[in-house]
Every structure is written in C-alpha cells, then in structure tokens.
Amino acid sequence: MGIECNDMTLDVMRQSYDFMMIVDIEHTCTHDGSIPPEEREIIEFGAVVVDIKSLEIIDEFSALVKPQRHPKISNFCSQLTGITQSELDNSNNFKTVFSEFLNWYPMTSKVLFATWGSYDLVQINIDCVSHNLPLFSPDAVLNLKKTFKKVNKLKKPVGLHKALELCQCKNNGKPHRALDDARNTVQLLPFIFSNTKPL
C-alpha cells in the first residue's frame, strides 16, 4: 500500500499533485448478511479525475461489473442501487472492467487516489485477489471522509450523504450509484481544502 496522505498538510498536497482521482464502487449486498464480506463483489465502478488546483472535474469513468461468485444480485441490492440483474448480465467481468479502468487514467506520481472512507480500496483488492490479479496499491491514498472530519472538527466521521447535508450541497443523481457518488464527493472538496470556510 502506498503512503496515506491524511497527515500531509492540504496546502502541501495541492502543491505535490496535479490531479486527484476520486473512486467510488458499489458491491453485492444482502439485507441478512448472507454474502460474507470476503465474498462481496464490485458491481459498479465510478471515478472522476479532478484538477487539484481548480477542483473541477476533467474526466470521468463509469462501468457496471458482472459478478462471478454470486451472479444473481439480491432484491435488496437492486432496490438500494437501482442496478438491475439484466444490466449486470450484459456487463463485463471485473478483470475486463478493471483493465479498462487502469488504462483510462493511469496512476502516476501526479495523481492522488482518493475515496470517501477506506472501504472502496479494500473491496477493489478483494476482487483483485478473487481474479488472481496483482493488488492495487496507489502510491498515495487520501481518505476524504477522515480528512473532512478533521478539517471541520466533527466528533465522528460522517457518510457522504450526511456530509452533503451538512454543507448544504444538493445530492445530485441517485444515491448508491458509483459515478453519482463520485461526482457528489467533488462538491465537498471546497469544504476540505481552503477555498471554503469550515462548517
């Protein structure tokens, strides 16, 4: 795993990188926990690349992923995400989609990898292991959820949609859709970096 950037000052971070890649994933889930965490599979990848100086989106990636271990998603998962079984049946598997993702915007020393919380990267590597792929280890990782808590002096970390509510930002698109959540995360960047006063 690469270095975690949470202890780097935000001003230094913006001087050290040109771009931030914000990634969000959705995975198989059930209401009763019948799929254990180690058997969860990504069903949707969403990512945006942001100019770290202007905090504006310059590119996007979105793809559905056909699960292999538990190919039939639960009604709970479909209702939560709005993703249908037929959409997944007509999608590519993780190995193909992840290769497309890596080719879309290669991680370089100029790109900071970021997620809202730490789990997205964990799940990516669960899928890498199950498909016999090398672990995905970006050189530098920023946990935006942890950083948002620290900058805004909150008592505990909050979920993405609660953070949007606290910042009076509109929750655009559909919750629990990967690209929509990645785009919504961008709205919170001014409340993490110095452009906007803390809450």
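The values are calculated or read from the model by the stated rules, or taken from the named source; none is laboratory data. Everything numeric here is computed off the predicted structure, so don't read it as measured data. Every residue, glycine as well, gets a Cβ built from its backbone with ideal geometry; the counts of neighbours run over all protein chains shown. Ligands, DNA and RNA are stripped out before the accessible areas are found, and what is left, the full protein with its side chains, is counted by its heavy atoms. Shrake-Rupley method; radii C 1.70, N 1.55, O 1.52, S 1.80 Å.
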Members of the stretch 21-43 found to be of a type in the set (A, V, I, L, M) and either part of a strand (DSSP E or B) or closer than 18 Å to Gly117 by Cα (or both), listed by number: Met21, Ile22, Val23, Ile25, Ile42, Ile43
Could you tell me whether Phe148 is within 28 Å of Ile83 (Cα to Cα), among the aromatic types (Phe, Trp, Tyr) and either open to solvent by less than 40 Å² (accessible area, probe 1.4 Å) or in contact (Cβ under 8 Å) with a residue 60 or more places away in the chain (or both)? no
Does the stretch 8-30 include one or more residues that are modelled with pLDDT under 95, open to solvent by less than 50 Å² (accessible area, probe 1.4 Å) and β-branched (Val, Ile, Thr)? yes
For the structure I just gave you, tell me whether Asp139 is more than 14 Å from Glu26 (Cα to Cα) and in contact with a Gly (Cβ under 6 Å, 6 or more places away or on another chain). yes
